[in-house]
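Participant: Have a look at this one.
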Amino acid sequence: MAQLTFSDIQGFVLSSYAKNMPCANYVLLKITDVKTCRNWLATIIPQVTTGVDRKDDYCLNIAFTATAFQKFGFTADELITFSVPFQEGMSTLTRQQILGDDGDSAPARWFWGNEENPVDVLLLLFAKDEDQLDEQLAIIKTGIEQPSGVQLIKSLSAGRQPDTKEHFGFLDGVGQPVIEGTDQKARQLRRTGHATELKAGEFVLGYENEMQKIDPLPAIKRMPEFGKNGTYLVFRQIEQHVHSLWNYLKETTTDANGQSNPKDEEKLAAKMIGRWKSGAPITDHPDADPNPSGVNEDNNFNFAASDKSGFGCPVGSHIRRTNPRDSLFDDPAVSLLTVKRHRIIRRGRSYGDRTQDVYKNDGKERGLHFICINSNIERQFEFIQQTWVNNLNFATLDHETDPLIGHRSEANLFSIQGCPARTRIHNLPDFVTTKGGAYFFMPGMEALKELAK
Ligand code: HEM
């Protein structure tokens, strides 16, 4: 088993801080003068939370895009040691096509991360309450206003939500793998009844991964192991059209007499996601939410033995596409092995106020600051998005994409498998729009210090 150097790994790789730090802000910066920026970075580094820090007031972490490393003077030979999607950037045409970012989600329309608003540096700030968040944010902003070599592009609030649900109303953050060599397994087992422990190299560079290999380590001349203990961080600001989802559910479940049926609406939503609002897996609870007013973090289920055909959890639902578990191929063991190579750790948080009325368009933007970490963007995040979420022919399906977040232009259908026949619902609109995004590299502490030299 890998012996991780926790003191060299940024704390965010190992923890979402969600339990103690419900408030967050993501500060996006552009480097304007690299020499001054190195000095500014040197003042930030002592505050960066590592894997051994146990803080209870606030945490700070930092990550960089490829353009930052260009400004730091990395040569072409050095930059090519980083992963290709990272080098290219999320808003380039190739990545745009892979991710399905077109129409309203096209990078040209983004608030940040595109040609008009490029970003170099991401500061992730977490705090125990709003006062602490405001205080730390003010300190950071004052530091930036001095000659710092960086300029503020955006400060994205992820505030505090009233509960652990995302804006559509469902518990989020349940299905997560844990990192071998950490203490996450026991906690995950206690919380969800199940833990998929993956090799550290899936999430921290420099260690063996699920292919019994070590993913390429970014290297620079001054520091051949620059990438060690670092990871790639994917950030996408995804707007959620809550009223579109719930009006669609209402219209689709209204009976021939014009009678709406809230129970059917909720069931259809649960079929699309694969879990009830409480988080309870629909594969184990096909008829109703067993815990409608509570939280159910059960993650101890598979599909092959009990729900192969998708009569409980539809084959194309959000959780079955993003983690097909043992149902990808006929052989469950081969499925599990394959799926292990395409996992991410999600670390996102909701932004914007919770709506008062899910059917009403109140004109306010709300959504998910989707953040995930992985060692190999192509094999993990992009694979999930391209080969599972947006695959028109995922598993046995035809002309369908993820009913919640899928790309719609060629496909707006969703099949709900059933006996004697499946039900197919039509004309799904877009329930989400990408509003910004970038691929970042989150270096280990030693590499950070090297950058500041
Ligand atoms: C606004 C956008 C999104 C919303 C509202 C959303 C919502 C949810 C919800 C409610 C769950 C079930 C609870 C849980 O297991 O955490 C879930 C699971 C998951 N989502 Fe998303 N999601 C979004 C975007 C994405 C994206 C962009 C990806 C990756 C491409 C993704 C990957 C996953 C994964 C891997 C799981 C866990 C599946 C499992 O292990 O069973 N999600 N999401």
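Participant: In this structure, is Arg222 touching a residue at least 40 places away in the same chain (Cβ under 8 Å) and either within 12 Å of the ligand (Cβ to nearest atom) or surrounded by fewer than 20 Cβ atoms within 10 Å (Cβ to Cβ) (or both)?
Facilitator: yes
Participant: Go through (1) in a helix (DSSP H, G or I); (2) away from the ligand (no atom under 14 Å from the Cβ) and name the single condition Glu410 misses.
Facilitator: (1)
Per-residue answers, yes or no, for (1) closer than 29 Å to Arg379 by Cα; (2) polar (S, T, N, Q):
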position: Trp246; (1), (2): no, no
position: Thr253; (1), (2): no, yes
position: Lys263; (1), (2): no, no
position: Met272; (1), (2): yes, no
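Participant: Given the residues Leu123, Leu156, which is the only one that is modelled with pLDDT of 95 or more, within 15 Å of the ligand (Cβ to nearest atom) and in a strand (DSSP E or B)?
Facilitator: Unique residue meeting the criteria: Leu156.
Participant: From the list Arg354, Arg325, exactly one residue is within 21 Å of the chain's Cα centre (by Cα), in a loop (DSSP other than H, G, I, E, B) and on the phi > 0 side of the Ramachandran plot. Which is it? Spell out how you get there, then give the answer.
Facilitator: Working: Arg354 fails: on the phi > 0 side of the Ramachandran plot.
Exactly one of Arg354, Arg325 is within 21 Å of the chain's Cα centre (by Cα), in a loop (DSSP other than H, G, I, E, B) and on the phi > 0 side of the Ramachandran plot, namely Arg325.
Participant: Looking at the range 389-402, which of its residues are within 11 Å of the ligand (Cβ to nearest atom) and buried (at least 23 other Cβ atoms within 10 Å of the Cβ)? Reasoning before the result, please.
Facilitator: Taking the range 389-402 and keeping what is within 11 Å of the ligand (Cβ to nearest atom), we get 389-390, 402.
Scanning the range 389-402 gives a single hit, Asp402.
Participant: Tell me whether the range 434-444 contains one or more residues that are touching a residue at least 12 places away in the same chain (Cβ under 8 Å), within 13 Å of the ligand (Cβ to nearest atom) and charged (D, E, K, R).
Facilitator: yes
Participant: Okay, moving on. Among the residues of the range 1-26, what is the count of those that are in a loop (DSSP other than H, G, I, E, B), aliphatic (A, V, I, L, M) and surrounded by 15 or more Cβ atoms within 10 Å (Cβ to Cβ)? Please lay out each step first, then the result.
Facilitator: At the first step, the residues of the range 1-26 found to be in a loop (DSSP other than H, G, I, E, B) are 1-5, 9, 15-22.
If we keep only those that are aliphatic (A, V, I, L, M) as well, we get 1-2, 4, 9, 18, 21.
Cutting the leftovers down to surrounded by 15 or more Cβ atoms within 10 Å (Cβ to Cβ) gives us 2, 4, 9, 21.
Result for the range 1-26: 4.
Participant: Now a separate question. Quick one: how many residues across the range 246-301 are crowded, with 17+ Cβ neighbours inside 10 Å and not in a strand (DSSP E or B)?
Facilitator: Final tally of qualifying residues: 30.
The values are calculated or read from the model by the stated rules, or taken from the named source; none is laboratory data. Only a predicted model underlies this, so the values are computations on that prediction, with no experimental measurement involved. When we count neighbours, we look across all protein chains shown, and the Cβ atoms used for this are built from the backbone with ideal geometry, even at glycine.
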